[in-house]
Amino acid sequence: MTLEFAPASDTALPLWPVWSDEDLPPEAGTWPGACGFAGKTGQICLLPDSDGGLRGALLGLGERAQAARDRFPLARAQGLPKGDWRLAALPSGLDPDRLILGWLLGQYRFTRYKGAPLQGPRLVCPDGVDGPRLLAIAEAEFLTRDLINTPASDLGPDRLEAAARALANQIGARVEVISGTALVKQNFPLIHAVGRAAASEPRLIDIRLGDAGPMLTIVGKGVCFDTGGLNLKPGASMGLMKKDMGGAATALGLLKMLAGTGAAAGLRIRVLIPAVENSVAGNAFRPGDVLSSRKGLSVEVNNTDAEGRLVLADAMTYAAEENPDLMISLATLTGAARVALGPDLPPLYCDDDATALALQQAGMAVGDPLWRMPFWDAYEPQIEPAIADLDNAPSGGMAGSITAALFLRRFAEGAGRYAHLDIYGWQPVAAPGRPKGGVGQGARAILAALPRLF
């Protein structure tokens, strides 16, 4: 499938998006009423011409009062017949950029293993909308979705490295990779411990773009598959664990967005991805082990299924040594976050009020929502066991997303500001512009917030 806008032409058919409580355009005539069209959400009414062909269509947007429920209403227009379309009018009360982005995101299909890419209806980009920018954002989101949707059989740590190198080559970035026993020699003991039992060696992927300006460092969790380790997950919980590298996929998608939209200009961008598989073998790390970290803090392993925070800890320590102006971690980290906020609303942790507000407001504005949660200092004792500096899996099960965020914050010292997004990376039920499967979360919020962050 080629992601593109249709060229402006007189042959593009007009599309009228209409609210259920507004009058239909006079061009529609009496046909919609005869067909029972009422402007309900996603309702499409094709308008015939006198020869039995098409002269346009109506798309129902539903009730204005419920508009916030539909993040990308124009994505529903993918039900239109193949051909070129133009918006006869922009609906009132909706952001044009978000509207048009929804059309583009609605074209996504994962066809690597079944079927062929489909070319659906194309839209003429309306005047005043930055079409190339929206295409760059959509293409970056498609990269994230493709990476998450690809199973671990075809996307282990080595293939994730290959995907990172391919993107770096495309955008002119630099890549360094530390893998296997070199991780131990260069003091990344947690990354090595978590990934050493897998057939594909653990590695730390380090991508840099830009040589001057403030520094933004993104650390993305790259657990390509998570069995739970020796604390083996039950089958039902293991079924989606190809998505446990959703933080890394989102980080790569964000990097592609920053480069493709020009937002990376004037910044130094660094993306760090600890890429591992949490597997079971004779050399797997064990419950009760006490591991050293790059920072020098000892960590008692009380659950090998809390491995994401371990690999992030070494990568974040490495990142913080360079004193970035802002460091953001992206990770499919805790089920507790899903219990608290569900799959659609990732928690955002940040001690800097201005940074948190910028990210949350930008996310809400562009349809990439985040919800601020606290680094609650009173819970710090829960991550401090008796025999080591830190506990990777405090007992009790309460405030699991917060205690995981507190754990990570211990390794962010040195960064000017630090934010953590506990994302899900998966769309469990199809929605307009977001088919069931892998999905990026937080990248567009970060992109939109950049002018206020630096």
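Looking for something assigned to a helix (DSSP H, G or I), of a type in the set (A, V, I, L, M, F, W, C) and over 23 Å from the mean Cα position of the chain (by Cα) - is there at least one such residue anywhere in the range 193-210?
Restricting attention to the range 193-210, the residues satisfying the condition of being assigned to a helix (DSSP H, G or I) are 193-195.
Of the ones still in play, those that are also of a type in the set (A, V, I, L, M, F, W, C) are 193-194.
With over 23 Å from the mean Cα position of the chain (by Cα) added as a condition, the list becomes 193-194.
Within the range 193-210 (the criterion being assigned to a helix (DSSP H, G or I), of a type in the set (A, V, I, L, M, F, W, C) and over 23 Å from the mean Cα position of the chain (by Cα)), the answer is yes, since at least one residue qualifies.
Against the definition (open to solvent by less than 20 Å² (accessible area, probe 1.4 Å), part of a loop (DSSP other than H, G, I, E, B) and either assigned by the TED database to the domain that holds PHE285 or within 21 Å of ALA340 (Cα to Cα) (or both)), how does ALA388 come out, yes or no?
Numbers: open to solvent by less than 20 Å² (accessible area, probe 1.4 Å): yes; part of a loop (DSSP other than H, G, I, E, B): yes; either assigned by the TED database to the domain that holds PHE285 or within 21 Å of ALA340 (Cα to Cα) (or both): yes.
Yes: the conditions hold for ALA388.
Collect the residues in the range 344-380 that are touching a residue at least 40 places away in the same chain (Cβ under 8 Å), open to solvent by less than 50 Å² (accessible area, probe 1.4 Å) and either of a type in the set (D, E, K, R) or in a loop (DSSP other than H, G, I, E, B) (or both), keeping them in residue-number order.
Within the range 344-380, PRO346, GLY367, ASP368, PRO369, LEU370 qualify.
Going through the range 14-30 one residue at a time, which ones are open to solvent by 40 Å² or more (accessible area, probe 1.4 Å) and either in contact with an Asp or Glu (Cβ under 7 Å, 6 or more places away or on another chain) or at pLDDT 95 or above (or both)?
SER20, ASP21, listed by residue number.
Name the single residue, out of those in the range 141-158 being outside any helix (DSSP H, G or I) and in contact with a Phe, Trp or Tyr (Cβ under 8 Å, 6 or more places away or on another chain), that is surrounded by the fewest Cβ atoms within 10 Å (Cβ to Cβ).
My answer is GLY156.
If only one of LEU99, LEU104, LEU46 is at pLDDT 95 or above and either more than 24 Å from the chain's Cα centre (by Cα) or assigned to a loop (DSSP other than H, G, I, E, B) (or both), which one is it? Break it down stepwise before answering.
Details: LEU99 fails: either more than 24 Å from the chain's Cα centre (by Cα) or assigned to a loop (DSSP other than H, G, I, E, B) (or both); LEU104 fails: either more than 24 Å from the chain's Cα centre (by Cα) or assigned to a loop (DSSP other than H, G, I, E, B) (or both).
Of LEU99, LEU104, LEU46, the one residue that is at pLDDT 95 or above and either more than 24 Å from the chain's Cα centre (by Cα) or assigned to a loop (DSSP other than H, G, I, E, B) (or both) is LEU46.
Regarding the range 403-419, can at least one residue be identified that is in contact with a Gly (Cβ under 7 Å, 6 or more places away or on another chain) and either open to solvent by 20 Å² or more (accessible area, probe 1.4 Å) or free of Cβ contacts under 8 Å to residues at least 60 places away in the same chain (or both)? Give the steps one after another, and end with the answer.
Filtering the range 403-419 for residues in contact with a Gly (Cβ under 7 Å, 6 or more places away or on another chain) gives none.
No - not one qualifying residue is present in the range 403-419.
Looking only at the range 238-250, decide whether some residue is touching a Cys at 6+ places or on another chain (Cβ under 6 Å) and in contact (Cβ under 8 Å) with a residue 40 or more places away in the chain. Before the answer, list the steps.
Initially, the range 238-250 is screened for residues touching a Cys at 6+ places or on another chain (Cβ under 6 Å), giving 245.
Okay, now just the ones that are also in contact (Cβ under 8 Å) with a residue 40 or more places away in the chain, so 245.
Yes: the range 238-250 contains one or more residues that are touching a Cys at 6+ places or on another chain (Cβ under 6 Å) and in contact (Cβ under 8 Å) with a residue 40 or more places away in the chain.
Out of all the residues in the range 268-278, is one or more in contact with a Gly (Cβ under 6 Å, 6 or more places away or on another chain), among the basic types (Lys, Arg) and crowded, with 24+ Cβ neighbours inside 10 Å?
For the range 268-278, residues in contact with a Gly (Cβ under 6 Å, 6 or more places away or on another chain), among the basic types (Lys, Arg) and crowded, with 24+ Cβ neighbours inside 10 Å: absent.
Filter the range 420-454 down to the residues that are open to solvent by less than 10 Å² (accessible area, probe 1.4 Å) and over 23 Å from THR261 (Cβ atoms) and list them by number.
If the condition is that a residue be open to solvent by less than 10 Å² (accessible area, probe 1.4 Å) and over 23 Å from THR261 (Cβ atoms), then HIS420, ASP422, GLY437 are the ones that fit.
Consider the range 94-115. How many of its residues are open to solvent by 60 Å² or more (accessible area, probe 1.4 Å) and of a type outside the set (D, E, K, R)?
Of the residues in that region, 3 qualify.
Determine which single condition LEU87 fails, assuming it passes every other condition in (1) farther than 24 Å from ARG444 by Cβ; (2) under 32 Å from the mean Cα position of the chain (by Cα); (3) crowded, with 20+ Cβ neighbours inside 10 Å.
(1) is the only condition that LEU87 fails.
Identify, by number, the condition in (1) in a loop (DSSP other than H, G, I, E, B); (2) touching a strand residue (DSSP E or B) at 6+ places or on another chain (Cβ under 7 Å); (3) in contact (Cβ under 8 Å) with a residue 40 or more places away in the chain; (4) open to solvent by less than 40 Å² (accessible area, probe 1.4 Å) that PHE37 doesn't meet.
The failed condition is (3).
Can you pull out the residues in the range 391-430 that are in a helix (DSSP H, G or I) and in contact with a strand residue (DSSP E or B) (Cβ under 8 Å, 6 or more places away or on another chain)? Break it down into steps so the answer makes sense when it comes.
Of the range 391-430, the ones in a helix (DSSP H, G or I) are 400-409.
SER401, ILE402, ALA404, ALA405, PHE407, LEU408, ARG409, listed by residue number.
Mind checking which residues of the range 50-62 are surrounded by 15 or more Cβ atoms within 10 Å (Cβ to Cβ) and in a loop (DSSP other than H, G, I, E, B)?
Selection gives LEU61, GLY62.
If the requirement is being of a type in the set (A, V, I, L, M, F, W, C), within 21 Å of GLY440 (Cβ to Cβ), open to solvent by less than 10 Å² (accessible area, probe 1.4 Å) and in contact with a Leu (Cβ under 8 Å, 6 or more places away or on another chain), which of these qualifies: ALA164, ALA193, ALA173? So that I can check it myself, show each step before the final result.
Working: ALA193 fails: within 21 Å of GLY440 (Cβ to Cβ); ALA173 fails: open to solvent by less than 10 Å² (accessible area, probe 1.4 Å).
Only one candidate passes the filter, namely ALA164.
Does GLY229 qualify as being over 21 Å from ALA199 (Cα atoms) and open to solvent by less than 50 Å² (accessible area, probe 1.4 Å)?
Working: over 21 Å from ALA199 (Cα atoms): no; open to solvent by less than 50 Å² (accessible area, probe 1.4 Å): yes.
No.
Yes/no matrix, rows are residues, columns are (1) of a type in the set (S, T, N, Q); (2) under 16 Å from PRO189 (Cβ atoms); (3) surrounded by fewer than 21 Cβ atoms within 10 Å (Cβ to Cβ):
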{"residue": "VAL280", "(1), (2), (3)": "no, no, yes"}
{"residue": "ALA284", "(1), (2), (3)": "no, yes, yes"}
{"residue": "VAL299", "(1), (2), (3)": "no, yes, no"}
{"residue": "ALA306", "(1), (2), (3)": "no, no, no"}
{"residue": "ASP314", "(1), (2), (3)": "no, yes, no"}
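Which is surrounded by fewer than 24 Cβ atoms within 10 Å (Cβ to Cβ) and under 16 Å from the mean Cα position of the chain (by Cα), of MET241, MET257?
Values: MET257 fails: surrounded by fewer than 24 Cβ atoms within 10 Å (Cβ to Cβ).
Testing whether each residue is surrounded by fewer than 24 Cβ atoms within 10 Å (Cβ to Cβ) and under 16 Å from the mean Cα position of the chain (by Cα) leaves just MET241.
Here is a check on your reading of the model: is GLU300 among the charged types (D, E, K, R), in contact with a Ser or Thr (Cβ under 7 Å, 6 or more places away or on another chain) and in the same structural domain as SER329 (by the TED database)?
Values: among the charged types (D, E, K, R): yes; in contact with a Ser or Thr (Cβ under 7 Å, 6 or more places away or on another chain): no; in the same structural domain as SER329 (by the TED database): yes.
Here the answer is no, as GLU300 does not meet what is asked.
The values are calculated or read from the model by the stated rules, or taken from the named source; none is laboratory data. Please read these numbers as outputs of a predicted model, since none were measured by experiment. Methodologically, a virtual Cβ is constructed for each residue, glycine included, from the backbone with ideal geometry; neighbour enumeration extends over all protein chains shown. Remember, those area values only see protein heavy atoms, side chains included, never the ligands or the DNA or RNA. Shrake-Rupley method; radii C 1.70, N 1.55, O 1.52, S 1.80 Å.
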